[in-house]
1. Using only alpha carbon pairs under 8 Å that are at least six residues apart, calculate the relative contact order of the stretch 72-137 and give it in whole percent.
2. Please say if the stretch 72-137 is rounded, prolate or oblate, where rounded means a/c under 1.5 for a ≥ b ≥ c the square roots of the C-alpha gyration tensor eigenvalues, and otherwise the choice is prolate for a/b larger than b/c and oblate otherwise?
3. Fewest first, what order do Glu75, Glu113 take by the number of other Cβ atoms within 10 Å?
4. With θ set to phi - 60° and the Karplus curve 6.51 cos²θ - 1.76 cosθ + 1.60, what are the ³J(HN,Hα) couplings of the stretch 98-108 in order, to the nearest whole Hz, using x for Gly and Pro?
5. Starting from the 7 Å offset along Cα-to-Cβ, what nm value, one decimal, do you get for the label separation of Asp73 and Ile99?
6. Would you kindly state how much longer the chain becomes between Leu52 and Ser111 on full extension, computed as 0.36 nm times their sequence separation minus their alpha carbon distance, in nm to one decimal?
Amino acid sequence: MRLISRAVILSLILAPLAAEAQQTGKVWRARPERRTAMRKQTVVSLMLGAILLAGCATHRNPVAADGRAPATDDEVGAIVADIWYAPGRALLCGGTAIIAGAVMTVTLGQSYESASELMHGGCSGPWIVRPADVRQAVP
């Protein structure tokens, strides 16, 4: 309600000024200093974005410790494993969240550490299987 009343008051104040500006032909424009500052900020933002994209494009995954690169079958195996692993992790994490919430409710917050360990055990670690994980599992 307060926001609406402020908007109405502001429109009542600015409406005559806008009408007067239209009649006299005056146009409100940003000062040239502001435009220059905005252009500089835009150029710097674009340069930083380009640097970030270039850094991400040149990034390569580290080579496995045994020196074997994952093959196509490892990639397929990782995708198939993810079909079961990721939803299973989501169910496990959700279940531990419910259990941790129940522990916190029953103990009135006194077993925070136990609830935290439950959540950490169920929700931490990798959520997807990478091809390198499959390659390391197969001797």
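1. Values: 51 pairs, mean separation 34.3, N = 66.
For the stretch 72-137, the relative contact order is 52 percent.
2. prolate
3. Working: Glu75 14, Glu113 8.
Placing the least packed residue first, the sequence is Glu113, Glu75.
4. 5, 5, 5, x, 5, 4, 5, 6, 5, 8, 6
5. 3.7
6. In short, 16.9 nm is gained.
Taken together, the values in this text are just the output of simple stated rules run on the coordinates, not laboratory data. As the structure is a prediction and not an experimental result, all values here were calculated from the model. Every residue, glycine as well, gets a Cβ built from its backbone with ideal geometry; the counts of neighbours run over all protein chains shown.
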